[in-house]
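Written below as structure tokens is the structure these notes are about.
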Amino acid sequence: MRFAFLIPPMLLLGACGHAEDKSDKAEVTVNADGDGGNVRITAGKDGGKVSIDGDHGSMSFKLPDFANIDVDSDFDIDGVKLYPGSKIASIDVNASDKGGADKATVRLGFTSPAAPAKAADWMAGEFTKKNIQVQRAGDTLRGTDKDGADFTISFEPAGETSKGEVRIVKS
């Protein structure tokens, strides 16, 4: 899985405000909890404004237009992307290294132009092509990526299309 653990959080935050039309940009939250303290970084659809809150204070600033990351096309799990035309709506990263335990949970909210069953069928087929086993319960897929992180991809109706969540847990 490339996206969740390899793109630095500040670049993810930069992706939120790089275009004039902010309506389709992902909202990003990064929570890091460690033996040396805690930090929460948030950015929304408001043109790249970033807030950082930590144990020793907080600050807020606007990022310059330095990143042109296409979050929708950069995301994949072992080479499997979301259903074609899907858009990432939110990103939430929670990480901790307290007591030597390295744990992280990444949640990606998304919309898809297909109905839940069609999008889940397509993604299940793509995982099969990559020899990645997934279990399916209704319109939810579960599996483990090649790095050992567990993932769940769930779809639910949103009119004739769907919305959903990717949840990746690494411990």
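Readers should treat all values here as calculations from the given coordinates under stated rules, not as data from a laboratory. All values reported here derive from a predicted model rather than from experimental measurement. Counting neighbours? That spans all protein chains shown, and the Cβs are built from the backbone with ideal geometry, glycine included.
So here's what we get for this one:
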quantity	calculated
Lys103 out of contact with any helix residue (DSSP H, G or I) (no Cβ under 8 Å at 6 or more places or on another chain), within 30 Å of Asn38 (Cβ to Cβ), among the basic types (Lys, Arg) and exposed (fewer than 15 other Cβ atoms within 10 Å of the Cβ)	yes
Some residue of the stretch 103-121 being of a type outside the set (Lys, Arg), free of Cβ contacts under 8 Å to residues at least 40 places away in the same chain and in a strand (DSSP E or B)	no
Meets criteria (in contact with a strand residue (DSSP E or B) (Cβ under 8 Å, 6 or more places away or on another chain), under 19 Å from Ser171 (Cβ atoms) and surrounded by 15 or more Cβ atoms within 10 Å (Cβ to Cβ)) for Thr152	yes
Any hit, the stretch 146-169, residues being over 30 Å from Asn38 (Cβ atoms), in a loop (DSSP other than H, G, I, E, B) and either acidic (Asp, Glu) or in contact (Cβ under 8 Å) with a residue 40 or more places away in the chain (or both)	yes
The stretch 155-171: number of residues that are over 12 Å from Tyr83 (Cβ atoms), surrounded by 15 or more Cβ atoms within 10 Å (Cβ to Cβ) and of a type outside the set (A, V, I, L, M, F, W, C)	3
Looking only at the stretch 81-96, and only at residues there that are in a strand (DSSP E or B) and hydrophobic (A, V, I, L, M, F, W, C), the one that is surrounded by the most Cβ atoms within 10 Å (Cβ to Cβ)	Ile91
Residues located in the stretch 125-141, provided they are farther than 16 Å from Ser162 by Cβ and in a loop (DSSP other than H, G, I, E, B)	Lys130, Asn131, Ile132, Gln133
